[in-house]
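What follows draws every value from the coordinates through simple rules; no lab data is involved. Because the structure is predicted, anything quoted here is derived from the model rather than measured. Please note: Cβ atoms are built from the backbone with ideal geometry, for glycine as well, and neighbour counts cover all protein chains shown.
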Amino acid sequence: MLVSEISLSQLDGIRLEGLEFCRRTYALFEAIRAQPDGKSRLRMMPTDLEKKLLEELMPIAKYVQDHHRPGRYFEVKWHAGDQQFDAEVFQAGDYVQHSYYPAESFIEVTCASHPNDYLMRERLDTEGSAFGYEGLSRVKTGRDKSVDSVPTSSSIAATIGQFVDILAGAIEKKRAKTYPGRTVLIVRCTLNTGYLPSEWEQLARAVAGRVEVEPFAEIYFYDATNYFSCQLYPRPAG
């Protein structure tokens, strides 16, 4: 992808085969990353280009890659504008013919992160390191602003419990809105610390026991760092 082509135009409103959608999404990511200020742009998301890429396109690509397989093939039509969903999904293959999955559906994407996530990203961008989210604060000295980071401590149980609240809150906020039938909700999680696989499983079980999936056909959430993931479906009636 040439520098002059770093835009959302190669994805917006175009119906693409699923893996081609992923290819273009990752090409856009790498094109931005290759710029002199690319890493900073990807961290700070100063414009809609970076924000849409990281908070909509990359999560959809992750979902497609996790689910695309023999007998289940995807086409994706992503929309950059404001509508009731972020993308239309078209599926084909034997699994679709036997009604395991719908031929047409929708995707809505949201993000779940600690309230200090914006401070963490700024601190990493300016200083290159930080302690935890809880120890971050804005410091103002005259006209200058910086982000201070001090060490704090917490048990892993409390840390997981905190993110259960964050993730469940993000899901409930979306459940309160109206979406077309057969909409899948994808939640991109920026976890509040490094998680082991067993700790991610603990988090996933807690969220599954707390949230209702309806009106969504599926809730798919994943960790944007380690790519842990989980799928939730509506509970059977009765």
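Here the mean projected area of the convex hull built on the C-alpha positions of segment 155-238 is 5.7 nm². Extension gain, residue 82-residue 30: 0.36 nm per intervening residue step, less the Cα-Cα distance, totals 16.1 nm.
For segment 90-173, the spherically averaged projection of the C-alpha convex hull amounts to 9.6 nm². Checking the cross-link pairs 52/174; 145/174; 51/173; 77/177 against a 24 Å limit on the alpha carbon distance flags 145/174 as lying beyond it. For the chain, modelled as a GNM whose springs connect Cα atoms under 10 angstrom apart, the maximal fluctuation among 69, 41, 123 occurs at 69. With 10 Å bins beginning at zero, the pair-distance distribution over Cα atoms of segment 1-98 amounts to 15, 46, 28, 9, 2 %.
Given their separation in residues at 0.36 nm each and the Cα-Cα distance between them, residue 7 and residue 182 gain 60.1 nm when the chain is fully extended.
Rounded to 0.05, the FRET efficiency of the residue 229 and residue 140 pair, given R0 = 45 Å and the Cβ-Cβ distance, is 0.70.
For a test of the definition: using alpha carbon positions, the gyration tensor, and the 1.5 limit on a/c, classify the chain as rounded, prolate or oblate. Since a/c reaches 1.5 but b/c is at least a/b, the shape of the chain is classed as oblate. Largest first and in whole Å, the equivalent-ellipsoid semi-axes of segment 99-238 read 33, 17, 12, each the square root of five times a Cα gyration tensor eigenvalue. When you restrict to C-alpha pairs under 8 Å that are six or more residues apart and normalise by the size of the chain, the relative contact order lands at 16 percent.
Inter-part distance, segment 154-192 to segment 53-104, computed on C-alpha centroids, equals 21 Å.
Computed from backbone phi with θ = phi - 60° and the Karplus coefficients 6.51, -1.76 and 1.60, the 3J(HN,Hα) list for segment 40-46 is 5, 5, 5, 7, 8, 6, x Hz; x is used for glycine and proline.
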